[in-house]
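A short write-up of the structure that comes next.
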Amino acid sequence: MNLLSLLALLIHFSSHFYGHCITNNIHLGSETTLDVPMLYITGLVEKAFILETSQPTPNFQAGLIVEATEDKDGDLQLTGQKGEIGWRTATYGQGIERLQLSNTGNLVLLDEFNTIKWQSFHFPTDVMLWGQTLDVGTKLTSFPTNSNSFYSFEIHREKLALYLNSGNFKYSYWEFNPTKPQKISFIRLALNGLQLFNDDNHKIAQIPSKRLQRLRFLAIENTTGNIGFYYYSTTTTKFEASFQSLRNKCDQPNLCKANDICTLSKECSRLEIEGFSGNFCGNRRVDMQEIRSAISILRDENKKMVNMTRETCAGSCMDDCTCVGALFTSGNNECYLYEEVRGVKEVGDNEKVSTFMVKVLKKGSNGLKRWALILIVVSDGLILFICLGGLCFYILRKRR
């Protein structure tokens, strides 16, 4: 049964009503299916549009075109104007009978027994919809414009975390840990917050929304890396954030460039560090300089050491020529090493629970070598002068 090839697909939120696309509106909360004919019909082209009604609350939309093609059975595809395939579900041969859009925004492919063979909820990007669940090990990703780095929201057994991924580096900059030491199995976005569940399907924690309005989706901002819960405001007719993980502008991982610091006035300023070069391999005469009232918001789990002292933390960075900075947290005696100085922010004295240090060349290390050479030459010359003078004095005295 060579039936289904989807040439165009669009799923998005909208607060507008496009009644001109169909003759009959589909009411809010309803579902619709597009049945595929049992026999292959050459030239079959069917269109279906699922649109929002005139309800004031925004709904999901989907626009699609179904066309009969050769050698494909239930394969959902996105193609370009010239027919080139840009994406597919690879579900051909699995007996797909219909496509269905639920009132939660989940797009599914079903067989004749109503068994889900593919669903969009299993392939999240940077958005998590209301009612959607994500298992442990899943992550959302967001890619900033004109940048080689990207942000990821990841679900681990012990915590939820936001990461900055840049080249070979992966830094966490926000974490949420359940108060009780229980393992996370999956998370679900409810109407009033993000819920965490264990293996027994019991809720063990929740990140609550800050407003009474019903949540619609969770998303990672591609400019700041901030994660937020969003509701639809009937006042502004826009989606507004009711919760954001990063409340301070200086907690944004890419706000300032490398070797910059975010000041208390939330401005980026260059770190003026005497003796900092960024490349210390081949030079053993180094030292660690503390940046007063400053910490780094980034954490590299691969460069983490525990049960350390401030001195041993500094020594670990000095012994590693690729290390350019270190963060020591006095509360739990943890040490983080860095291969780039990034995510540094200024803090007040009452917030200072960590010490951030950067590696620098020892003062006068190059001048010391020059003075040592000069001292050796002068000393040898003075000794030679004294010896020659003494010898001449002895000879003259002997002759007299």
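Derivation of every value follows stated rules applied to the coordinates shown; laboratory data play no part. All values reported here derive from a predicted model rather than from experimental measurement. All Cβ positions, even for glycine, are placed from backbone atoms using ideal geometry, and neighbour counts span all protein chains on display.
Before moving on, here are some points about what is shown:
- Ratio of Rg to Rh over the range 91-177 (Cα coordinates, Kirkwood Rh, two decimals): 1.09
- Cβ crowding within 10 Å averaged over residues, with 225-232, 241-248, 341-348 ranked highest first: 225-232, 341-348, 241-248
- Cα gyration tensor category, rounded, prolate or oblate, for the range 177-260 with a/c compared to 1.5: oblate
- Cross-link check: pairs Lys304/Lys345; Lys159/Lys180; Lys170/Lys303; Lys139/Lys257 evaluated at a Cα-Cα cut-off of 18 Å; pairs beyond the cut-off: Lys304/Lys345; Lys139/Lys257.
- Kirkwood Rh, angstrom, the range 183-321 [1 / mean 1/r, Cα pairs]: 19.2
- Segments 157-165, 116-124 sorted - mean Cβ within 10 Å per residue, highest first: 157-165, 116-124
- Sorting Glu311, Glu290 from the fewest to the most surrounding beta carbons within 10 angstrom yields Glu311, Glu290.
- For the range 101-238, the C-alpha radius of gyration divided by 2.2 N^0.38 Å, with N the number of residues, is 1.12.
- Between the range 114-187 and the range 213-231, the alpha-carbon center distance in angstrom: 13
- Size of charge dipole - the range 272-357 - debye, nearest 20, with Cβ of Lys, Arg +1 and Asp, Glu -1, no other charges: 100
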